[in-house]
1. I'd like the GluC sites (Glu not before Pro) in region 54-163 restricted to DSSP loop residues with at most 12 other Cβ atoms within 10 Å, sorted by number.
2. Hey, if you put +1 on the Cβ of every Lys and Arg and -1 on every Asp and Glu Cβ in the chain, which of ALA671, ASN440, CYS201 ends up farthest toward the positive end of that dipole?
3. On C-alpha positions alone, give me the angle between the axis of helix 106-117 and the longest principal axis of the chain, in degrees, nearest 10.
4. Modelling each spin label as a point 7 Å along the Cα-to-Cβ direction, I'd like the LYS312/LEU469 distance in nm, to one decimal.
5. Run through the DSSP bridge list for the chain and note the antiparallel percent, rounded to the nearest 5.
6. Using a simple charge model, +1 on the beta-carbon of Lys and Arg, -1 on the beta-carbon of Asp and Glu, nothing else, what dipole does the chain show about its Cα centre, in debye to the nearest 20?
7. For the chain, take the longest principal axis of its alpha carbons; what is the angle in degrees between that and the long axis of helix 488-504, to the nearest 10 within 0 to 90?
8. Contour minus end-to-end for LYS367 and ASP543, with contour as 0.36 nm per residue of separation and end-to-end as the Cα-Cα distance?
Amino acid sequence: MPLSRLNQEQYAAATSQASKNLIIASAGTGKTSTIVGRIAHLLGDGIKPQEILLLTFTNKAAAEMVERVASFFGKNVASQIDAGTFHAVSYRWLKKHDKKVVLKQQRELKTLFRSVYEKRSYMHIDAEVSPYGGNYLYDLYSFYQNTELHNNFENWIVQNYPEHELFALIYADIVEEFESLKKEYGFVNFNDLLLNFRAMCNTTDLGYKEVLVDEYQDTNALQGTLIDAMNPPSLFCVGDYDQSIYAFNGADISIIGSFSKKYPDAKVHTLTQNYRSTRPILSLATKVIEHNERIYPKQLEVTRTSESQAPKLLAYDELFDQYHAMAAQIRDSQTPHEEIAVIFRNNSSADGIEVGLRELDIPCKRKGGTSFFDAKEVKAILDLYTLLINESDMMSFIHLFEFAKGVGSAMAKEMYIALKTLGHGSIFYGLYAPDVSIHNPFEKRKVSHQLGLFDEFLELGAVGKFAKLGFESKFMKNPILKHPRLSKDGAVFLHDFYSLYRDLKGIKQPRTIVKKIAASSMYKHISEVLATKRAQLKDGSIDEKQKEESLSRIARKAILLEELSKPYSEHERFLNAMILGSSDLTQGEGVNLLSVHASKGLEYKEVYVVDLMDGRFPNRKLMQRGGSLDEERRLFYVAVTRAKDILYLSYAKYDKIKKQNFLPSQFLYEAGLVPKDEAYRAMVLKGEEKEE
């Protein structure tokens, strides 16, 4: 039975007679076994399975726990336990009471919200700031719903964003109309599920004898009030304040921190026996996390007695050296690839190690952030390269021309087919030696008023509007320029495409091709579009510093791709390795590349935590945008406690692309791996000044 397998602390928590229990379960202390043990105890005490509610952070976690219960009590009993995330449970209850409830995805409701927003005008208001854009206001309203318990939206805006006080009444009116429309059509989003379920709980007895809450440290204010509204006879909350890493999503660490004050008769249990990590790994993690305020006292004990090795610091002179050396070390490791994890704080860190592994033909899969090969800037280079080798790849052409202002996917397809028509099957003949006797190379569209299809292609445009752009006469004679909706920006993009492929003709070396594409006007335009989009703030303005950094990251990816092309001398082999081989890096077996958030709850024999430089980890930029050093330290704690046997912590001293020197991460000093020198004291002092 589950209870017989528990240690003394776990057993005491699982069989507690107190009506309010908080279990502080640090990394690797067996919280899942304790929760399953608690459910077994409740069933043994005569509680019916349908009288138990298990709230988890993911539906996968709920399914795994129910499965473990089923292995002891049978599927029939386990399936009657109500288990799932806050949202899943809320949806089931609401659907049971109102079949008309229609759950809508955020993007759909954002469109509805914008339709209300765009009817408003702010022209009559003389303010020093511009009003928030529709998308940003929607996100702001969503954050308000998750975190605010008392103020209405108008007052909340005035209190938290006083510079927008003149717009607050309009914002509130938009929200009111939006909510009315949702109610009229029966639409609900994820926040509504919790809000509506909370209202139901205030008037309905759900029949639960005990509610169990996993990952309690990650609950937000709205979820907290939902638990209050349920008001179950017994409450069993499991969490670890040192692993609270979702503040950006509204998680409120004070909820777990105030449990004893909220419930004076509550029993707080602490699980101290760690079954995962070796003593040196746990000692390092503890040494660092103890710099955070201790909410509840705890002292972890190591249960593993086998021989162990101390965590090792890997220091490199240059950023790329770090990635290449780490990949080589993984290649030479005796640990199976599936038992190795590389954990990163920033997406750019993962790009370097992913490329390093690819160079050595080491398979890997990435979770959290975007794969190097899935990045739009990398895809653009590979699409340009693909067309050079296979001009029949229409999708590559469409993907590229979607970057041109005013050219969408439908128009890009029309242009591709027109070029193919002008070149009698070849888009490049259509581009450089078009058959000008073909007056109208564009497909005639189907017309169906019943289906809403209309022929917008009434007449060809005149190429005279492009006369002042300075295109050579040969290019100006191309009928492709007669597309009636081709703007000047679109024509410039097409000319850049024309110039690039003229320059690429006859080049044999993949590395030279990649280098020329990255230096081309067309790719610079694509980079500019991507960087501008990534630097756009939610109010519609552009953060120039962020844009500059985005351009730098895009340039870095091009250099990484150039590095990958070095061993190849044939176009097809290079493209096969990059396009077909890249899928091996994101699926199936191999080394695990994980963001810190994605690594939570997992464990591996051998773990590498990369780019431990001040500014990167801790991420000072995110700290300035509402994060905190305590949160970054908790992220570090989560990362290192994924390791069972072997832990490597690495950093680089210099970035040759940005020409930037690095200091070791503050956490390496706190771990005792780097001597606390003047640089460390200056770092801490600077951090304290910013907090003040």
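1. The qualifying sites are GLU118, GLU128.
2. ASN440
3. 70
4. So the two model labels end up 5.8 nm from each other.
5. In the chain, DSSP labels about 15 percent of beta bridges as antiparallel.
6. Values: 89 positive and 90 negative charges, 281 e Å.
Result for the chain is approximately 1340 debye, rounded to the nearest 20.
7. For 488-504 against the chain, the angle is about 80 degrees.
8. Stretched out fully, the LYS367 to ASP543 stretch lengthens by 60.6 nm.
The values are calculated or read from the model by the stated rules, or taken from the named source; none is laboratory data. The structure displayed is predicted, hence computed values, not measured ones. We place every Cβ from the backbone using ideal geometry, glycine too, and count neighbours over all the protein chains shown. Just so you know, the surface numbers come from the protein's heavy atoms only, side chains and all, with ligands and any DNA or RNA stripped out. Shrake-Rupley method; radii C 1.70, N 1.55, O 1.52, S 1.80 Å.
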